[in-house]
Amino acid sequence: MKKVIAIDGPAGAGKSTIAKALAEQLGYIYIDTGAMYRAVALTAIRAGVAVDDAPALTALAAKIELDMRAEGGVNRILLGQEDVTEAIRQPEVGAAASPVSAVAGVREHLVAQQRKLAARGNVVMDGRDIGTVVLPDADCKIFLTASLDERVNRRYEELRAKGLPTTREAVREDISTRDYRDSHRETSPLKQADDAVLLDSTGMSIKAVLVEVRRLAGA
Ligand code: DC
């Protein structure tokens with residue numbers, strides 16, 4: 001049987017770490033939908049398109065060519081021929097991805113691509129609207145969250161480990177702003193699906209969260 005696992009939650013909850021590890025353990029495909037919004041944001045920044053120019057952003061999303069492939073444990077994101085895996089993780093791209101993802105036309109194009117990718121079956125997909133909008137019939141839906149303090153700490157350590165200069169205050173400001181915007185936008189706001197299981201990972205190790213997620217997925 002093909003299995004589709006949807007993991008949603010706010011910024012810094014550990015969704016991509018967990019979804020990626022889960023996919024690896026199960027031999028499933030991991031689809032990072034946040035990376036797709038980030039790739040549109042990166043394209044917009046490079047093209048000088050404003051993050052509130054809905055028609056221009058929709059046109060960009062319509063013609064963008066995205067591909068994902070797992071390579072030596074790293075999920076590479078290709079924008080056309082260019083590998084943008086690192087470029088899309090820059091804080092300014094994350095900050096731009098939030099308003100870009102609020103544009104209904106952008107979502108329409110990316111959701112269509114996400115459904116096509118999921119149709120391959122045996123996938124773990126993470127994002128904000130996977131259980132509610134993209135894959136409402138997913139076999140397993142998890143809403144992964146953690147306290148704001150913990151999410152700030154995790155993101156801060158992650159950025160520091162990558163050598164990206166930042167402060168805890170800047171990370172807190174960024175996460176709070178994104179959470180608010182992602183949860184209050186009109187189109188597909190971040191929201192727990194009625195049939196999703198809430199998993200609060202505050203104080204839990206990655207290993208412990210993985211064990212719990214596997215149990216919930218019956219895997
Ligand atoms: O998970 P992330 O930080 O890589 O996501 C980047 C932005 O994209 C975030 O502000 C929310 C948005 N996003 C979304 O609206 N829907 C998704 N399915 C995934 C991400």
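Some observations on this one:
- Candidate set: the stretch 57-92, residues that are small (Gly, Ala, Ser) and surrounded by 15 or more Cβ atoms within 10 Å (Cβ to Cβ); chosen: the one farthest from Leu159 (Cα to Cα): Ala59
- Extreme residue, nearest to Ala217 (Cα to Cα), among residues of the stretch 1-13 that are away from the ligand (no atom under 11 Å from the Cβ) and at pLDDT 90 or above: Ile5
- Residue count for the stretch 95-124, restricted to those that are away from the ligand (no atom under 13 Å from the Cβ) and of a type in the set (D, E, K, R): 2
- Val74 being aliphatic (A, V, I, L, M) and either on the phi > 0 side of the Ramachandran plot or modelled with pLDDT of 95 or more (or both): no
- Some residue of the stretch 173-181 being closer than 28 Å to Gly131 by Cα, aromatic (Phe, Trp, Tyr) and surrounded by fewer than 19 Cβ atoms within 10 Å (Cβ to Cβ): yes
- Filtered residue count, the stretch 15-34, keeping only those that are buried (at least 22 other Cβ atoms within 10 Å of the Cβ) and within 11 Å of the ligand (Cβ to nearest atom): 4
- Taken over the stretch 189-199, the residue count meeting the criterion of being closer than 22 Å to Val106 by Cα and either surrounded by fewer than 19 Cβ atoms within 10 Å (Cβ to Cβ) or among the acidic types (Asp, Glu) (or both) is 3.
- Tally, over the stretch 202-219, of residues that are out of contact with any helix residue (DSSP H, G or I) (no Cβ under 9 Å at 6 or more places or on another chain) and not in a helix (DSSP H, G or I): 2
- Of all residues in the stretch 110-135 being out of contact with any strand residue (DSSP E or B) (no Cβ under 9 Å at 6 or more places or on another chain) and of a type outside the set (A, V, I, L, M, F, W, C), the one that is modelled with the highest pLDDT: Arg115
- When the stretch 200-212 is filtered for residues that are surrounded by fewer than 12 Cβ atoms within 10 Å (Cβ to Cβ) and touching a residue at least 40 places away in the same chain (Cβ under 8 Å), only Gly203 remains.
- Qualifying residue in the stretch 54-61 (condition: touching a Leu at 6+ places or on another chain (Cβ under 7 Å) and within 20 Å of Arg115 (Cα to Cα)): yes
- Test: residue in the stretch 154-161 that is in a loop (DSSP other than H, G, I, E, B), within 13 Å of the ligand (Cβ to nearest atom) and surrounded by 17 or more Cβ atoms within 10 Å (Cβ to Cβ): no
The values are calculated or read from the model by the stated rules, or taken from the named source; none is laboratory data. Model, not experiment: these values are computed from the prediction. Neighbour counts are summed over all protein chains in view; Cβ atoms, including those assigned to glycine, are modelled from backbone coordinates with ideal geometry.
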